[in-house]
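Student: One structure, as structure tokens, below. Some questions next.
The values are calculated or read from the model by the stated rules, or taken from the named source; none is laboratory data. Remember, it's a predicted structure, so these values are computed and weren't measured experimentally. Cβ coordinates were reconstructed from backbone atoms using ideal geometry, including for glycine residues, and neighbour counts include every protein chain displayed. Accessible surface areas use protein heavy atoms only, side chains included; no ligands, DNA or RNA. Shrake-Rupley method; radii C 1.70, N 1.55, O 1.52, S 1.80 Å.
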Amino acid sequence: MTRSSRLAVAAFIAAFALLALLLAGQIPSRHVKGDPGPQALPIAVAALVLIGAVAAMIGETRPRSSGAEPWQQALGIGAGTVAFLLLLPVLGFVISAALFLIGASLYLDSRRRIGPATRLLTGVGFPLALWWIFSRLLDVSLPRGLMGF
Amino acid sequence: MEPLLQGLAFVLQPTTLLWIVVGDIVGIFIGALPGLTATMGLALFLPVTIQIDSLTAISLLLGLYFGAVTGASIPAVLFGIPGNPNAIATVFDGLPMARKGQAGIALGGAVIASFIGGLMSTAALLAASPALARFSLLFGPAEYFSLAVASLTIIASVSGSSLLRGVVMGAIGVLLATVGIDTMTGVRRFTFDNPFLASGIGLVPVLIGMFGITQALDDAARSRDLHQIVTQQLGRLFPSLRQLLGMWRIILESSWIGTFIGLLPGAGASVAVVLAYERAKQISPRPEEFGTGRLEGVIAPEVANNACIGGGLIPTFTLALPAEAAAVPILAALVIHGVTPGPLLFTSQPHFIYAIIFAMIVANVTTCIFQLGGIRVFIKALSVPPTLMPPLVILLSVLGAYALNGWMYDAVVAVAAGILGFILKRAGYPLIPLILGLVLGPMMESEFRRMMIITGGDMTVFVTRPLSLLLLAAGAGSLIRQLVHQRRLAQRGAVSP
């Protein structure tokens, strides 16, 4: 990660801590004698995070070596995961999981090492097997979606 | 002698043995599936036990418990996802071992370590129950608070290269643990009138996200290496006897750590495994190689997590105080069957206690046999096309999080934790302190406030009680040691603050 990216992450943590600190200050102070109350720990740890994040931001202003690591593929898969999550209640587990698996493997397998038959078999077979294990064996109800499974 | 033989005779009955085996197999299966926890499996099987007698019921649950704890090492090693929180530390070296083509040794070593840990803690239960139960009573709110602070500071100081980032992550974990309804006053904190947020941020979805999804995104980013990751030679399946004997001290200390931490209600196996891992790192002649695929890094936490079972059952049976969440269904099974747990159980029904101890020994042996026998089947999972691995891990993680309560909320938390975990990891922030903060935050807060109510706000109690002072000193010592270490490295220009 570049220095500016690390600085952005530290700034994000600082902003998160500041928001938490402001919200923690609004927690009603309801407590018995001796008890510091429900707002004490959130205020203390949010302040600690804020101080630490600001210190990290200052630290990032100093030059240090940084190795460039690839991340573009992770961005695509991350976006695919969010799409899978959004489709899950609409299409149901089996269809959305099959779409996610096939789509993500096509995205990652740019050299097409996996044949279409294997991809289809794994992409459909794995969600079906999981659906059977969870729904039938463990009695865990998975999102059904419009198709009913 | 007669109660001992009665207990042994009971466990050797075919029906009891069969139920233990059923529990084992189901347990390994549950442990191997990310998101399905031992606690969940035990709770799901509780209704089954109502139909059978009390001792068989407890034997079944013990089989399931040992199976689930041991089985959690399978996804930890093969996919980098701990099947249960108690397999957190198994990932550190288990996954790198699998990537070096040593998945067999890691999995075989994990099972053998679990077997040893389980047996040692069973022996502890047999030998020291009454005395250990008395010692656990020394832990009051002050000691529990200090234990949580010490665990967090030790982990924050040893995770990653930056003490500052470790502390920040630990504090974020504690902050996230405060989301939800305050148990002491009923006040809502950071809930924004959302009913799901009122139930808090679940540990398991965050853990699944930060271990499963973060790892999968990391693998996807390095997809050029993916083919190499999963198709290398597996190597031999078991560590050699010489390797195991060479780790006698690590095994012994890890089983002691596991039994002791397991004994302390609220501390839990996830604390024990991390402490055992760190201790193994200290003992090892090559600590710098930890995290790169050292067998000791798998053995230590696996000994400790199974040792926690025996340790955790001591206060459950002797004080009716479940040390771990997973012990709650076992306690419930006792009560359902009309058995009153407590110190009197050891004198009024000694054959019952001996039967349970023998059932634990049998469950240990059968878990070892079934998991070792099934290792090759589980390793076949590595033959899945490599570019399918990251999406498969994500799919299992989302499914595992969803299956906890049947809530999309948990799946959303897992995905959010996974994506944030990936970004934080890339920026050099260690994830373990955050997870431990989430685990220990509630205990830290409730014990601190309880102590404050008892003393009327006098904070000196944490340093005037010897055990509490000792624990805080251990945490402070770890911070200072890491600070000095980093200062030396910074002088050489090797690390950021």
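A quick yes/no check of all residues on (1) in contact (Cβ under 8 Å) with a residue 60 or more places away in the chain; (2) over 24 Å from B:Glu278 (Cβ atoms); (3) within 13 Å of another protein chain (Cβ to nearest Cβ):
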residue	(1), (2), (3)
B:Leu424	yes, no, yes
B:Leu431	yes, no, no
B:Gly437	yes, no, yes
B:Thr464	no, yes, no
B:Ile480	no, no, no
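Student: Select from segment A:102-122 the residues that are over 19 Å from A:Leu75 (Cα atoms) and within 8 Å of chain B (Cβ to nearest Cβ) and list them in ascending order.
Tutor: Passing the criteria: A:Arg113, A:Ile114, A:Thr118, A:Arg119, A:Thr122.
Student: Still on this model: Pick out the one residue from B:Thr318, B:Thr340 that is crowded, with 21+ Cβ neighbours inside 10 Å and either part of a helix (DSSP H, G or I) or among the hydroxyl-bearing types (Ser, Thr, Tyr) (or both).
Tutor: B:Thr318
Student: While we're here: Answer with yes or no whether A:Leu21 is in contact (Cβ under 8 Å) with a residue 12 or more places away in the chain and surrounded by fewer than 17 Cβ atoms within 10 Å (Cβ to Cβ).
Tutor: no
Student: Looking only at residues in segment B:49-84 that are over 19 Å from B:Ala300 (Cβ atoms) and of a type in the set (S, T, N, Q), which one is surrounded by the fewest Cβ atoms within 10 Å (Cβ to Cβ)?
Tutor: Per the criteria, the residue is B:Gln51.
Student: Could you check B:Ile251 against (1) more than 24 Å from the chain's Cα centre (by Cα); (2) modelled with pLDDT of 70 or more and say which number it fails?
Tutor: (1)
Student: Still on this structure, please answer the following. It is to be established whether one or more residues within segment A:36-45 are on the phi > 0 side of the Ramachandran plot and either surrounded by fewer than 14 Cβ atoms within 10 Å (Cβ to Cβ) or not in a helix (DSSP H, G or I) (or both).
Tutor: For segment A:36-45, residues on the phi > 0 side of the Ramachandran plot and either surrounded by fewer than 14 Cβ atoms within 10 Å (Cβ to Cβ) or not in a helix (DSSP H, G or I) (or both): present.
Student: Those residues that are within 30 Å of B:Ala89 (Cα to Cα) and open to solvent by 30 Å² or more (accessible area, probe 1.4 Å), I need them from segment B:440-465; list them, please.
Tutor: Within segment B:440-465, B:Pro442, B:Phe448 meet the criteria.
Student: Assess whether A:Val90 counts as being more than 7 Å from chain B (Cβ to nearest Cβ) and touching a residue at least 40 places away in the same chain (Cβ under 8 Å).
Tutor: For A:Val90, the condition - more than 7 Å from chain B (Cβ to nearest Cβ) and touching a residue at least 40 places away in the same chain (Cβ under 8 Å) - is met.
Student: Which pairs turn up if I take residues in segment A:114-142 that are closer than 22 Å to B:Ile25 by Cα and look for partners that are part of a loop (DSSP other than H, G, I, E, B) with beta carbon separation below 7 Å, at least 6 apart in sequence or on another chain?
Tutor: Pairs found: A:Trp131/A:Leu142; A:Trp131/A:Phe149; A:Phe134/A:Val140; A:Phe134/A:Leu142; A:Ser135/A:Ser141; A:Ser135/A:Leu142; A:Val140/B:Gly406.
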